[in-house]
Amino acid sequence: MGSALLATGLLVGVTLTIPAAAETYRMRGSDDVIGQAFYVKTRAQDTLLDIGRHNGLGYDEMRAANPKVDMWVPGDGADVLLPTRFVLPDAPRDGIVLNLAEKRLYYFAGGGDVITHAISIGREGLSTPLGSFRIVRKDKSPTWTPTPQTHADRAKEGRPPLPAVVPPGPDNPLGDFAMRLSVPGYLIHGTNKPWGLGMEVSRGCIRMYPEDIERLFPQVPVNTPVHIVDQPYKVGWSGDDLYLEVHLKEGQEAKPLDQVIPPKIAETPGVSVDWEEVQRAVAENTGLPRLVGGRQKSAQGLYLDMIF
């Protein structure tokens with residue numbers, strides 16, 4: 001565990017009295033890694049869901065980063081790791097990028113700024129679609145029109161029927177803000193049930209914490225591109241250091257290691273990969289970036305480093 005923490009670059013000794021973690025990061029040149037992971041100490045009344053929401057993190061992210069901490073009763077003074085360091089997905093850095101594997105949204109706001117938020121996505125059999133789309137409409141205080149399948153499912157479950165159209169308000173599952181995608185029937189929206197966000201629970205739409213979409217909504221114009229990918233392995237650079245971030249679902253079979261690090265990186269002259277660290281990152285599956293290699297410096301480069 002110690003090597004994993006060092007490789008991630010953690011801050012320690014932070015308490016939960018700090019304000020919510022910043023969600024806007026500045027990219028450094030061509031770097032692919034943003035943010036900083038750190039620890040907080042719990043209070044007796046905290047759950048991991050409380051801590052996650054306070055820091056813009058979802059259920060699955062918190063569980064993966066803290067496998068030995070009780071989700072509901074972590075206890076007073078427990079050390080909880082906040083996985084707020086991210087390798088950017090391999091996707092166009094333009095508009096919104098959604099990575100289903102990590103249940104996270106990235107908004108490339110221009111000027112090198114990246115805004116990131118936890119999301120919930122479609123459950124098995126009702127998966128969120130992959131591909132490139134765009135925002136076609138934005139609705140404040142949206143109404144919700146349940147689909148025929150939604151009505152049928154509720155009837156099977158013995159639940160009370162829904163109206164043909166659900167008006168804005170506390171009973172509306174879209175929350176207070178919705179952004180409609182160019183693929184019909186799919187939205188990025190808030191929720192009236194935020195606890196447990198960060199899982200595969202929706203009927204295909206993308207849910208956000210109410211406070212997160214309230215901040216994001218005015219920043220995203222209509223026609224913004226939306227790229228939806230599914231990347232359980234994210235590989236990227238921070239300076240000359242190579243990082244791997246893994247998000248495997250329970251029961252998901254891992255790729256052979258030589259496919260985890262793309263050959264275009266692993267076979268590049270001057271790049272070394274520590275395959276033992278790659279194997280450890282896959283096995284631990286914490287969702288935290290792990291240092292797994294880097295670019296070898298020339299003798300001249302090392303000499304200049306020693307001087308300066």
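Assorted remarks:
- Output for region 37-59, where each listed residue is part of a helix (DSSP H, G or I) and farther than 10 Å from Pro83 by Cα: Leu48, Leu49, Asp50, Ile51, Arg53, His54, Tyr59
- Residue match in region 170-177 (condition: within 23 Å of the chain's Cα centre (by Cα), buried (at least 16 other Cβ atoms within 10 Å of the Cβ) and charged (D, E, K, R)): yes
- Any hit, region 228-239, residues being at pLDDT 95 or above, aromatic (Phe, Trp, Tyr) and either part of a strand (DSSP E or B) or buried (at least 19 other Cβ atoms within 10 Å of the Cβ) (or both): yes
- Applying the set (1) at pLDDT below 95; (2) at positive phi; (3) of a type outside the set (Val, Ile, Thr); (4) in contact with a helix residue (DSSP H, G or I) (Cβ under 6 Å, 6 or more places away or on another chain) to Gly287 leaves exactly one unmet item: (1).
- Every pair of residues 6+ apart whose Cβ atoms lie under 8 Å, when the first sits in region 238-254 and is within 17 Å of Gly35 (Cα to Cα) while the second is among the acidic types (Asp, Glu): Ser238/Asp31; Ser238/Asp32; Gly239/Asp31; Tyr243/Asp32; Leu244/Glu277; Glu245/Glu102; Val246/Glu284
- Selected residue (only one of Asp153, Asp171, Asp176 is of a type in the set (Asp, Glu) and modelled with pLDDT of 95 or more): Asp176
- Residues of region 51-66 include at least one that is more than 23 Å from Arg215 (Cα to Cα), free of Cβ contacts under 8 Å to residues at least 24 places away in the same chain and surrounded by 14 or more Cβ atoms within 10 Å (Cβ to Cβ).
- Residues within region 172-224 that are assigned to a loop (DSSP other than H, G, I, E, B) and aliphatic (A, V, I, L, M), tallied: 7
- Top-ranked residue of region 114-142 - restricted to ones that are at pLDDT below 95 and of a type outside the set (Gly, Ala, Ser), ranked as farthest from Gln231 (Cα to Cα): Leu126
The values are calculated or read from the model by the stated rules, or taken from the named source; none is laboratory data. These figures come from a predicted structure and were not determined experimentally. Reconstructed Cβ throughout: ideal geometry from the backbone, glycine too, with neighbour counts over all protein chains shown.
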